[in-house]
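The structure appears below as C-alpha cells.
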Amino acid sequence: VRGGASGVRSTDRVSLSFAVDTLRGVLRGEELAGAGRSEVELPLGPEGPRFEEARAVVERLALSWRQGWLEASGTVEDTVGFSLQASLPDPSHALPETRGRAAESLRARGPRAQPRAELALAAYELARDTVAGMPPLLDSLTLTLSGTPGAHDSELLAGRGGGTLGLTASGSYDDRAWSGSVDRVELSDPEIGSWELAEGVRLSVSEDSVTLDRLCLVQEPSRACVSGLWRATGTSSAEIVLEELTGRRLAELLPANWMISGQLGARASGTLESDGSLTADGFVDLGSGTIELGRGVSGRRLTYTDLGLEGAVDEAGARLSVATE
C-alpha cells in the first residue's frame, strides 16, 4: 500500500482524510489492485457524533480483482451526488459453487433528507456448479429500482429456457414495512403459454405479516388467482382459484400421449395457526369430457359427466371424495 491517512479532532468536529495512491495484493489467489482518495467531516454534539450532518467526499475509489472491478465517486453533504459501478464476470470467487456474470450500478441525487436513487442489478447465466452439466438457474435477471424510500418503482425481468417473466411494482417503505402494488406481471413459457396480470393488486410486507390481495393471471379464457395473509403470530390464510382451465392446459399436466377435453375449475382455501395446525378444503370440477389414455390399438378412451373431486384437511385427518354421473 502506498498512501496515507490523517485526522483532526476538535471539540466540535472530527475530520479525516484518506488517500491510497497504489494498493496491490493477493485475495484468494488472485491479484487485487486499487486506489482511492476521500475526506470525511463528522460534527460532534453534546450527546456524540451528529451523523445526519456528516460530510463526505469520495474523489475516486477504484478496485479491481481478477476480471472484476468497482468504481465510486461523489459527495454526501446537504445535497447528495454519488455513483457506483461494479462488474463481476466470475461470481464463484465471491460466491463459491456459483457461475455466471453480474453487474451493478447505483446513482443517488438530491437533498440529504430524501435523495432519489437508481439501482440496477443484472446477472446472466447464473448456475450452481454442484451438479455437472446442470443448466443455468436463470439465463438472465435484471432488477431496477428508482425513487425514494417514500415513493419508488421497481422492475424485474428474468429469463430461463425460452421462458420470460416481467414484473413491475410501486410502493413506499416506512417504519420497517413496505406497502404498494404489483402493477404488471407478464409470464411466457413454452409449456404453459403466456399469462398476464388482470389488474393491479395491493401487497404489503413487514417483519411479522405479508398481505396479498387477489392476484389473477389471465390467459383467455383461463384465469388463475391467489390471495393470502401470513402472520408471524396468529392465523394465516390463503386461497387459490382456477377458472376455465382448458383441455390443452390440462394435457400438459398429464403423461405423454394422454389427451383430455373439457375445462377445469378449482378452488382451495385454508388457514394455518401459529401452533402449526392446518385446516383446508377444496373442490375440483372437471365438468364433462373425455380422456384418451395413449393412442393406437392399445389406447383407451374414458368419457365422464359432471366429474368432481372434493377434499378436506382438519384435526380429524384428510378426506377425499369423487362424484360423477
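The values are calculated or read from the model by the stated rules, or taken from the named source; none is laboratory data. Computed from a predicted structure; not experimentally measured. Don't worry about glycine lacking a Cβ; one is built from the backbone with ideal geometry, like all the others, and counts go over all protein chains shown. SASA here: full protein model, heavy atoms, side chains in, ligands and nucleic acids out. Shrake-Rupley method; radii C 1.70, N 1.55, O 1.52, S 1.80 Å.
Confirm whether V57 is open to solvent by less than 50 Å² (accessible area, probe 1.4 Å) and not acidic (D, E). Even if it seems obvious, please write down each step before you answer.
Values: open to solvent by less than 50 Å² (accessible area, probe 1.4 Å): yes; not acidic (D, E): yes.
Yes: the conditions hold for V57.
In the stretch 196-212, which residue that is touching a Ser or Thr at 6+ places or on another chain (Cβ under 8 Å) and over 16 Å from R231 (Cβ atoms) is surrounded by the most Cβ atoms within 10 Å (Cβ to Cβ)?
V201
Pick from S288, S269, S277, S298: which is among the polar types (S, T, N, Q), at pLDDT 80 or above and open to solvent by 60 Å² or more (accessible area, probe 1.4 Å)?
On the way: S269 fails: open to solvent by 60 Å² or more (accessible area, probe 1.4 Å); S277 fails: open to solvent by 60 Å² or more (accessible area, probe 1.4 Å); S298 fails: at pLDDT 80 or above.
Residue meeting the stated conditions: S288.
For the condition under 19 Å from L156 (Cβ atoms), at pLDDT 90 or above, β-branched (V, I, T) and in a strand (DSSP E or B), what is the one hit in V241, V226, V218? Explain how you work it out, then say what you get.
Details: V241 fails: under 19 Å from L156 (Cβ atoms); V218 fails: under 19 Å from L156 (Cβ atoms).
Every option except V226 fails the conditions.
Name the one entry in C216, C225 that is in contact with a Lys or Arg (Cβ under 6 Å, 6 or more places away or on another chain), surrounded by 15 or more Cβ atoms within 10 Å (Cβ to Cβ) and under 26 Å from S277 (Cα atoms). Please lay out each step first, then the result.
Values: C216 fails: under 26 Å from S277 (Cα atoms).
Checking each option against the conditions leaves just C225.
Taking only pairs six or more apart or across chains, which ones have beta-carbon atoms under 6 Å, a first residue in the stretch 166-193 that is farther than 22 Å from A117 by Cβ, and a second residue that is outside any strand (DSSP E or B) and not polar (S, T, N, Q)?
Cβ pairs passing all conditions: P190/G162; E191/E252.
Identify, by number, the condition in (1) open to solvent by 40 Å² or more (accessible area, probe 1.4 Å); (2) hydrophobic (A, V, I, L, M, F, W, C); (3) within 15 Å of the chain's Cα centre (by Cα) that I192 doesn't meet.
(3)
Tell me, please, whether a residue that is within 14 Å of L217 (Cβ to Cβ), out of contact with any Leu (no Cβ under 6 Å at 6 or more places or on another chain), aliphatic (A, V, I, L, M) and open to solvent by 50 Å² or more (accessible area, probe 1.4 Å) can be found in the stretch 154-161.
Going through the stretch 154-161, the residues within 14 Å of L217 (Cβ to Cβ) turn out to be none.
No, the stretch 154-161 has no match at all.
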